[in-house]
1. For the stretch 45-58, does any single residue satisfy the condition of being of a type outside the set (Asp, Glu) and under 18 Å from Gln91 (Cα atoms)?
2. Return a yes/no flag: does the stretch 133-156 have any residue that is under 30 Å from Gly80 (Cβ atoms) and part of a helix (DSSP H, G or I).
3. Is there any pair linking a residue in the stretch 31-51 that is more than 17 Å from Asp61 (Cβ to Cβ) to one that is within 11 Å of the ligand (Cβ to nearest atom) and open to solvent by 80 Å² or more (accessible area, probe 1.4 Å), with Cβ under 8 Å and at least six apart or on different chains, and which?
4. Can you give me the number of residues within the stretch 23-50 that are more than 10 Å from the ligand (Cβ to nearest atom), more than 23 Å from Phe96 (Cβ to Cβ) and of a type outside the set (Gly, Ala, Ser)?
5. Being under 17 Å from the mean Cα position of the chain (by Cα), within 10 Å of the ligand (Cβ to nearest atom) and among the small types (Gly, Ala, Ser) narrows it down to one of Ala8, Ala17, Ala109, so name that one.
6. If you go through the stretch 144-153 one residue at a time, do you hit one that is out of contact with any His (no Cβ under 9 Å at 6 or more places or on another chain), small (Gly, Ala, Ser) and open to solvent by 50 Å² or more (accessible area, probe 1.4 Å)?
7. Which strands (runs of 3 or more DSSP E) does the stretch 1-96 wholly contain that include 1 or more residues that are among the basic types (Lys, Arg)?
8. Which residues, taken from the stretch 119-132, are assigned to a helix (DSSP H, G or I) and open to solvent by 50 Å² or more (accessible area, probe 1.4 Å)?
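The values are calculated or read from the model by the stated rules, or taken from the named source; none is laboratory data. The structure presented is a predicted model; accordingly, all values stated were derived computationally and were not measured. All Cβ positions, glycine included, derive from the backbone under ideal geometry; neighbour counts span all protein chains shown. Note: areas computed on protein heavy atoms with side chains; ligands, DNA, RNA excluded. Shrake-Rupley method; radii C 1.70, N 1.55, O 1.52, S 1.80 Å.
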Amino acid sequence: MRIVLLGAPGSGKGTQAKMLMAERNVPHISTGDMLREAVAAGTRFGHKARTIMDAGDLVSDDVMLGIISERLAQADAGDGFILDGFPRTRQQAEDFEELLDQLSAPLDAAILMDVDFDILMKRLTGRRTCSVTGKLLNIFFSAPEEIDECTAAGGELIQRDDDNEEIIGNRLDVYRRQTEPVIEFYRKRDRLKTVDAEGSIDEVHARLQSAIG
Ligand code: AMP
């Protein structure tokens with residue numbers, strides 16, 4: 001299974017991709033996570049990436065294509081992948097198409113996770129990660145027991161650096177200007193499926209499953 005998950009920041013791509021990975025036994029490849037790892041490792045590239053990410057802007061297409069080509073060359077991606085956060089520009093989509101052609105590994109589908117703007121804002125401004133369990137939580141949507149579970153384990157609720165309101169505004173703007181054309185790119189090629197991504201994680205997951213088949 002080779003799929004791309006498209007959708008604005010906060011549309012639930014990461015959460016759903018992790019669930020799919022466990023069920024379908026293909027890796028979840030998140031370019032955002034890969035960049036955050038580079039930042040955490042403190043490499044020179046990591047420092048550069050951090051400045052761009054902290055502003056909510058995009059890392060260059062060339063760099064991203066390099067990162068993805070290397071990642072797809074690893075053995076675990078041989079049977080497929082779930083891409084989350086890539087492609088994010090029309091140029092990336094075109095380059096990615098060429099790369100998949102070379103690998104003779106056509107994409108099965110690009111799935112758009114569709115969410116209303118107000119819900120996106122709450123999902124993003126409320127998003128936290130438990131410092132001990134690593135669980136993704138949301139101060140507006142998670143059950144109180146889930147939040148208590150983290151606190152009881154001695155954890156703190158950590159907010160991503162780029163999840164504050166000003167940067168979120170820029171990320172959503174960048175999404176509209178740079179990433180929405182990617183939706184058209186796949187629609188024109190008859191590869192696009194849209195999933196209503198509002199509601200509970202399990203409801204969205206059931207819709208995603210039936211879209212993938
Ligand atoms: P994400 O976790 O997918 O929201 O990504 C976090 C940040 O990483 C984005 O706001 C961008 O700065 C950067 N990033 C992730 N994926 C890409 C990509 N495909 N192209 C350019 N920048 C990216």
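1. As a first pass, look at the stretch 45-58 and keep what is of a type outside the set (Asp, Glu): 45-53, 55-56, 58.
Right, trim to under 18 Å from Gln91 (Cα atoms) and you get 58.
Yes, the conditions are met somewhere in the stretch 45-58.
2. No, the stretch 133-156 contains no residue that is under 30 Å from Gly80 (Cβ atoms) and part of a helix (DSSP H, G or I).
3. Note: pairs meeting the criteria are Val39/Arg50.
4. 4
5. Values: Ala17 fails: within 10 Å of the ligand (Cβ to nearest atom); Ala109 fails: within 10 Å of the ligand (Cβ to nearest atom).
Of the residues listed, the single one that is under 17 Å from the mean Cα position of the chain (by Cα), within 10 Å of the ligand (Cβ to nearest atom) and among the small types (Gly, Ala, Ser) is Ala8.
6. Within the stretch 144-153, the subset out of contact with any His (no Cβ under 9 Å at 6 or more places or on another chain) is 144-153.
Now restrict to residues that are small (Gly, Ala, Ser): 152-153.
Next, from what is left, pick out any that are open to solvent by 50 Å² or more (accessible area, probe 1.4 Å): 152-153.
Scanning the stretch 144-153, I find at least one residue that is out of contact with any His (no Cβ under 9 Å at 6 or more places or on another chain), small (Gly, Ala, Ser) and open to solvent by 50 Å² or more (accessible area, probe 1.4 Å), so the answer is yes.
7. Values: elements: 2-6, 28-30, 81-84.
Where strands (runs of 3 or more DSSP E) fall fully within the stretch 1-96 and carry at least 1 residues being among the basic types (Lys, Arg), they are 2-6.
8. In the first step, residues of the stretch 119-132 are kept if they are assigned to a helix (DSSP H, G or I); the result is 119-125.
Of everything in the stretch 119-132, those that are assigned to a helix (DSSP H, G or I) and open to solvent by 50 Å² or more (accessible area, probe 1.4 Å) turn out to be Ile119, Lys122.
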